[in-house]
1. Of all trypsin sites (Lys or Arg not before Pro) in segment 1-47, which ones are in loop regions per DSSP and have a Cβ with at most 13 other Cβ atoms within 10 Å?
2. Report, in degrees rounded to the nearest 10, the 0 to 90 angle that the Cα long axis of helix 11-34 makes with the longest principal axis of the chain.
3. Net charge near Lys48: determine it from the other residues with C-beta under 12 Å of the C-beta of Lys48, scoring Lys and Arg +1 and Asp and Glu -1.
4. For segment 3-66, give the magnitude of the charge dipole about the Cα centre (Cβ charges: +1 Lys/Arg, -1 Asp/Glu; no others), in debye to the nearest 20.
5. First select every other residue whose beta carbon is under 15 angstrom from the beta carbon of Leu28; then total the charges, Lys and Arg +1, Asp and Glu -1.
Amino acid sequence: MKINKIKEMSSPELEKELGELKSELFKLRFSLATNGLDNPMKIKEVKKDIARINTILTQRKLAESQN
């Protein structure tokens, strides 16, 4: 997911997307442990997306607290 797309989303949408990504990460890790993955780099991509969303949410919270 691109950072520009993340910045365009509202905070509730980001919270929803964050939950979906965390559940996807859980499924990917479970799949890796049981039978292996076709694309193990998918875990890295999902983790980076989670970090990007958390960064944007934190920036928004800080901006609100300063105003």
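Read-outs: derived from the displayed coordinates by stated rules, not from any lab. These numbers were taken from a predicted model, which means no experiment stands behind them. Neighbour counts are summed over all protein chains in view; Cβ atoms, including those assigned to glycine, are modelled from backbone coordinates with ideal geometry.
1. Of the trypsin sites (Lys or Arg not before Pro), the ones in loops of segment 1-47 whose Cβ has at most 13 other Cβ atoms within 10 Å are Lys2.
2. 20 degrees
3. Around Lys48, the surrounding residues sum to +3.
4. Details: 13 positive and 10 negative charges, 46 e Å.
Using Cβ point charges on Lys, Arg, Asp and Glu, segment 3-66 gives about 220 debye.
5. Values: positive: Lys22, Lys27, Arg29, Lys42, Lys44, Lys47, Lys48; negative: Glu20, Glu24, Asp38, Glu45, Asp49.
Residues near Leu28 contribute +2 overall.
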